[in-house]
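The values are calculated or read from the model by the stated rules, or taken from the named source; none is laboratory data. Everything quoted here is computed from the prediction, not taken from an experiment. FYI the Cβ positions are ideal-geometry reconstructions off the backbone, even for glycines, and counts take in every protein chain you see.
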Amino acid sequence: MKKVESNKNKIALKKMIKRPKRSSDLFKNSDYFRKEFSFGPFLAATFTAIFIGLFLGLMMLNMFAKKEDIANYNDQKSSAIPENEDAMEHVENNVISTSLKQMSAFVIQLGVFSEQENADTWSKTYEQTGFPSTLFKRDDQYFLFIGMASTEEKAKEFAEVLLEQDIEVYVKEWKTNEIDIKLTEEESKWIQLFQELWQTTLSSLSQQEGMLLGDWEELIKKHPKNSDLITAFVREIQPIFENRPEEQTSFLLQNDLLNIWKSYEEIFILK
């Protein structure tokens, strides 16, 4: 009995005395070990983040560099624009609004027709008798003129010559209205010279002093070659001053000036 009780006491004593843990077990279960054990993934994540940061930084730097290049290009481009605008402004400023003065005279009228065919028939009839005429179109009517002068008195003196030959005529004032037109400075100056010469020639013919051919030839010679409008006008009137007969009646000269006036009106006023 004493032996049995002794064994039971030994078992109870073993339960009361716990076996101490090994140092390795303590190390593995300690907070220090857990910290050391997780440090590896932390370093990997850190290096990955640094790499990604450097990569993104390089990309951003490259983008900013490109934006700066684009901005510099745009600045250069915008700095060139004012030069082009200045050039365009210079071209636009060279075109000015010109007021073409009114032109007027007292004309000797043969008739007014509603159809051009009838007007052409009468024109040919009078031309065969040595009195050429000029046809003006206004408001769907055709006006046939056979002469003109700078004053009503002079026009009536010329008309008396025709009335003595049983040619019925009527004297009245005829005008080309003043208008505003876009022209270059060179074109404007030339047309002003034309109007002055035309008026001077009208006065000369009224006094039966001639056509001033030298002045007309000089004006035609100096016309702006780069102007389509004036070149077309010169092309119309130039034949009037070429191959002219040595002797011309006052009515032939007046008809020449009427034709110049008609061409001017059709090209510059009625265009």
So which helices (runs of 4 or more DSSP H) are wholly in segment 110-216 and hold at least 1 residues that are surrounded by fewer than 15 Cβ atoms within 10 Å (Cβ to Cβ), of a type in the set (D, E, K, R) and touching a residue at least 60 places away in the same chain (Cβ under 8 Å)? 185-206
Would you mention how many residues in segment 240-262 are modelled with pLDDT of 95 or more and either under 35 Å from the mean Cα position of the chain (by Cα) or small (Gly, Ala, Ser) (or both)? 4
Checking PHE251, PHE233, PHE194 in turn, the sole residue that is of a type in the set (Phe, Trp, Tyr), farther than 21 Å from LEU100 by Cβ and in the same structural domain as GLN109 (by TED's automatic domain parsing) turns out to be PHE251
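Can you tell me which residue in segment 164-179 is farthest from GLN199 (Cα to Cα), limited to those that are of a type in the set (A, V, I, L, M) and modelled with pLDDT under 95? Spell out the reasoning first.
Applying the first criterion (of a type in the set (A, V, I, L, M)) to segment 164-179 yields 167, 169, 171, 179.
The next check asks that each one be modelled with pLDDT under 95; those that pass are 167, 179.
Numbers: ILE167: 27, ILE179: 18 Å.
The qualifying residue farthest from GLN199 (Cα to Cα) is ILE167.
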Could you list, in sequence order, the residues of segment 217-271 that are in contact with a strand residue (DSSP E or B) (Cβ under 9 Å, 6 or more places away or on another chain), in a loop (DSSP other than H, G, I, E, B) and closer than 23 Å to ILE146 by Cβ? LEU270
